[in-house]
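Here is the structure we will look at.
The values are calculated or read from the model by the stated rules, or taken from the named source; none is laboratory data. Computed from a predicted model, the values in this text were never measured in an experiment. Methodologically, a virtual Cβ is constructed for each residue, glycine included, from the backbone with ideal geometry; neighbour enumeration extends over all protein chains shown. Remember, those area values only see protein heavy atoms, side chains included, never the ligands or the DNA or RNA. Shrake-Rupley method; radii C 1.70, N 1.55, O 1.52, S 1.80 Å.
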Amino acid sequence: MKFRHIQVDAMTPTIGGMISGVDLNTTRSEDVYEEIKQALWQYGVVFFRKQALKPEAYIRLGQNFGEMEQHEFFPHIEGHPQIQLISNQGNEAPETDRWHTDVTFRKKPNMVSILRITDLPPAGGDTMWMHAGAAYDALNPGMQQMLEGLQADHDLPWHFRRINAAERFAKRASAKSGMMVTASEQECKMIENTPTVSHPAVITHPYNGRKILFVNSIWTKRLLGMHMDLSEAVLNMLYEWVKKPEFMVRFRWEKDSLAMWDNCATQHYAVFDYAPHYRAGQRMTCGSFVPTLKPGAGAGAGAGAGAAAGGQPSVMRQLLDTTRMQAASPSEQKAVEAIFSALESVDLNAVANAAQRR
């Protein structure tokens, strides 16, 4: 895609684009925001330098990707509940210190995350992203076919049980309420509030049609329809597979840098190499999607039905108003998707030739 209002420089052949030529504090142009969206769908994660964003401008940027939320785990800045505060200090690694996609334990995970680091350690604290579409493309056809027939359970309480989080949550709840709260009470409450959900192990990206490997080492519990031992073996193999450097980009933070990632297409890893120093930032999560594998989607080299080479939307699909699509109901999205899929299956050259013969 050609960009008229921004400049985008690829950081690797697979993932990551550096955007320049725009001041996010002052821009209100729908054309600029639309090109940022298209760059995001193309590159998986995009970065900005020297963006000392005010909260209002930060929120204005996020609104282009759908409704913003308040996260289950994090506090927010005063007066702006959409902007979450995340931080870490000391020698204890964060609870998400593994490759993962955010909140896949939900029926509708968030679509886009935006992060601005406000406090940097003296050295270290980089963040890495990998493209799960590239990871899927690089699998052999037999493995692809097997995975496309599988569903996977995603489970928040299951992971928190692995890291003994319920005990820590109980201590916090006891201190806050002044009453004794047990770990079992916290765990039961968590299970009740966040039941297990199932998603396809391979999904179709909602905006460019690319096939995406959709399992991650934090929230995915098992592959359905498989013996437990086989499920664990396949998942562990995939968790190692996504670590190939060919799928990755690594970003070194600077003051007033901003990263925006496609939570559907990527996994990320915040490198914890800065202990005992402090690292903090402001994050927004925007929009959502229903993980779905659409019949016939994806067509080699990462180009799906409706995607051109390099993961770009087809000419036909570039007519879609992505903001309106995000706001549409699931039934409306399916109807529009069906219409465009039908149009893309038409050989327009053949139609033109037939018209000329009349």
Solvent-accessible area, 1.4 Å probe, carbon plus sulfur percent, for region 177-249: 59 percent
Förster-model FRET efficiency, 41 Å R0, Lys50 and Ser184, C-beta, rounded to 0.05: 0.25
Spatial extent of region 177-247: Rg and Dmax, with the Cα atoms as the point set, Å: 17.1, 51
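If contacts are Cα pairs under 8 angstrom and at least 6 residues apart, what is the relative contact order of region 1-135 in percent? Walk me through the numbers before you get to the answer.
Values: 112 pairs, mean separation 24.9, N = 135.
RCO, region 1-135: 18 percent.
Just to confirm, what accessible area per residue do you get for region 142-233 at 1.4 Å probe, in whole Å²? Can you show the working numbers first?
Working: 4620 Å² over 92 residues.
Normalised by residue count, the accessible surface of region 142-233 is 50 Å².
Figure the gain on full extension for Gln145 and Glu67 (residue separation times 0.36 nm, minus the Cα-Cα span) and round it to one decimal in nm.
Values: separation 78, 0.36 × 78 = 28.08 nm, distance 3.46 nm.
Here the answer is 24.6 nm.
I'd like the GluC sites (Glu not before Pro) in region 216-288 restricted to DSSP loop residues with at most 12 other Cβ atoms within 10 Å, sorted by number. Let's see the in-between values first.
Values: sites: Glu232, Glu240, Glu246, Glu254; in loops: Glu254.
In loop regions of region 216-288 (DSSP not H, G, I, E or B), the sparsely surrounded GluC sites (Glu not before Pro) are Glu254.
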Per-residue SASA entry for Trp261, accessible area with 1.4 Å probe, Å² rounded to 10: 10 Å²
Distance (nanometres) between label positions extended 7 Å along Cα→Cβ at Lys107 and Arg250: 4.1 nm
Region 60-141: GluC sites (Glu not before Pro) in DSSP coil with no more than 10 other Cβ atoms inside 10 Å: Glu78
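What percent does the relative contact order of region 45-119 come to when contacts are Cα pairs within less than 8 Å and at least six residues apart?
Values: 35 pairs, mean separation 14.5, N = 75.
For region 45-119, the relative contact order is 19 percent.
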Debye-sum result for region 21-151 in log10 I(q)/I(0), which assumes one identical scatterer on each alpha carbon, at q = 0.18 Å⁻¹: -1.30
Loop sites in region 178-268: trypsin sites (Lys or Arg not before Pro), DSSP, at most 13 other Cβ within 10 Å: Arg252, Lys255
Length added when fully stretched, Tyr278-Lys171, from 0.36 nm per residue minus Cα-Cα: 36.2 nm
Relative contact order [Cα under 8 Å, 6+ residues apart], region 156-263, whole percent: 18 percent
Pairwise FRET efficiency - His5 versus Glu95, Cβ, R0 = 45 Å, nearest 0.05: 0.70
Shape category assigned to region 217-262 from the gyration tensor of Cα positions, a/c cut at 1.5: prolate
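Probe radius 1.4 Å, ligands and nucleic acids ignored: give me the carbon and sulfur share of the accessible area of region 1-136 as a rounded percent.
Working: 2820 of 6050 Å².
Accessible surface attributable to carbon and sulfur in region 1-136 totals 47 percent.
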Computed label-point distance, nm, for sites Leu85 and Asp31 using a 7 Å Cα→Cβ extension: 4.0 nm
For region 127-267, the Rg and Dmax computed from alpha carbons only, in angstrom: 18.2, 57
Accessible-area value, Tyr136, 1.4 Å probe, nucleic acids and ligands omitted, Å²: 10 Å²
Per-residue SASA entry for Met128, accessible area with 1.4 Å probe, Å² rounded to 10: 40 Å²
Approximate spin-label separation Ala335-Ile59, in nm, with each point projected 7 Å along Cα-to-Cβ: 3.3 nm
